[in-house]
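Below is one structure; the comments refer to it alone.
The values are calculated or read from the model by the stated rules, or taken from the named source; none is laboratory data. Just so you know, these numbers come straight off a predicted model, no measurement behind them. All Cβ positions, even for glycine, are placed from backbone atoms using ideal geometry, and neighbour counts span all protein chains on display. Note: areas computed on protein heavy atoms with side chains; ligands, DNA, RNA excluded. Shrake-Rupley method; radii C 1.70, N 1.55, O 1.52, S 1.80 Å.
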Amino acid sequence: MQTFRYRGAARFSMPGQLIILHPDELHDGGAGTESGLRYRMAYIPPDRIADAAGGAGGRLPFVPAPVMDDPNLRASLADVLDDLDREIGDLKLDCFLAEVAAGLNRHSDDRRRSASRLDGRAVSICRDFLTENCRRTITSGELETIAGVDRFTLARQFRTAYGTSPHRFQVLRRLDVARRSMRNGHGLADAAFDSGFADQAHMTRHFKKTYGMTPGRWLALQSAS
């Protein structure tokens, strides 16, 4: 539990809740119980959020309530905060910014949002490109070029069409490759390399997050069946 003062009032947050503080608003912070407090935080330049906000006309969304429950936004933040020890790639960062901007828009004091029509051609082109090139690093610029749509609009429309971000979709395709590699008798390190992950630990983290078990456990179950 955390307690803090923000915009002239005492605030409280529970584990699992999000705290969203607008730039230049004074605040403090501390543990709400004697057990103390641990947290990880992301500082995102306001102009990056404004650029990703799209329908907000380039204006930074203002969220009146500093404490909120939003499972989708929480999952996006956790995915990045859990991976801070690694460099965040261009595609992952842009997908993250698009999802944060969309989350802030959902809770903004200005609900006037312009919704763009889903470009089925663009998102299907990106889906096929990500599938065919999942093993290598793909940049947002590449997707913009082949789709003819700006990166943040593409990230939002891709999620609408397929229920996940372009970056996460690529990770899932890499896991498909890794599973095929392991079925064909390759070791875990070789499977990680073959599928485009940085190393075995990187593959294992994504594998466990997606399937609820380690690659070794999955392989043992496959062999037993």
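For the list (1) open to solvent by 30 Å² or more (accessible area, probe 1.4 Å); (2) within 26 Å of A191 (Cβ to Cβ); (3) in a helix (DSSP H, G or I), I need the number of the one condition that T160 fails. Single failed check for T160: (2).
For segment 81-103, taking the residues that are open to solvent by less than 60 Å² (accessible area, probe 1.4 Å) and part of a loop (DSSP other than H, G, I, E, B), the one that is nearest to E142 (Cα to Cα) is identified as G89. Checked against (1) open to solvent by 20 Å² or more (accessible area, probe 1.4 Å); (2) more than 29 Å from D51 (Cβ to Cβ), G120 meets all criteria but (2). Looking at F152, F207, just one residue is modelled with pLDDT under 95, aromatic (F, W, Y) and buried (at least 16 other Cβ atoms within 10 Å of the Cβ), and that residue is F152.
Please verify whether R112 is at pLDDT below 95, part of a helix (DSSP H, G or I), of a type in the set (K, R) and over 17 Å from A42 (Cβ atoms), treating the condition exactly as stated. Walk me through it before giving the result.
Numbers: at pLDDT below 95: yes; part of a helix (DSSP H, G or I): no; of a type in the set (K, R): yes; over 17 Å from A42 (Cβ atoms): yes.
Considered against the rule, which asks whether it is at pLDDT below 95, part of a helix (DSSP H, G or I), of a type in the set (K, R) and over 17 Å from A42 (Cβ atoms), R112 comes out as no.
Scanning segment 119-134 for residues that are in contact (Cβ under 8 Å) with a residue 40 or more places away in the chain and out of contact with any helix residue (DSSP H, G or I) (no Cβ under 6 Å at 6 or more places or on another chain) yields G120, R127.
H202 falls short on exactly one of the conditions (1) more than 20 Å from K92 (Cα to Cα); (2) open to solvent by 20 Å² or more (accessible area, probe 1.4 Å); (3) not hydrophobic (A, V, I, L, M, F, W, C), and that condition is (1).
Yes/no matrix, rows are residues, columns are (1) in a loop (DSSP other than H, G, I, E, B); (2) in contact (Cβ under 8 Å) with a residue 24 or more places away in the chain; (3) open to solvent by 50 Å² or more (accessible area, probe 1.4 Å):
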| residue | (1), (2), (3) |
| --- | --- |
| E25 | yes, no, yes |
| T33 | yes, yes, yes |
| L37 | yes, yes, yes |
| R40 | yes, yes, yes |
| D51 | no, yes, yes |
| L60 | yes, yes, no |
| V63 | yes, yes, no |
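Considering segment 1-23, the residues that are among the aliphatic types (A, V, I, L, M) and part of a loop (DSSP other than H, G, I, E, B) include one that is surrounded by the most Cβ atoms within 10 Å (Cβ to Cβ), namely I20.
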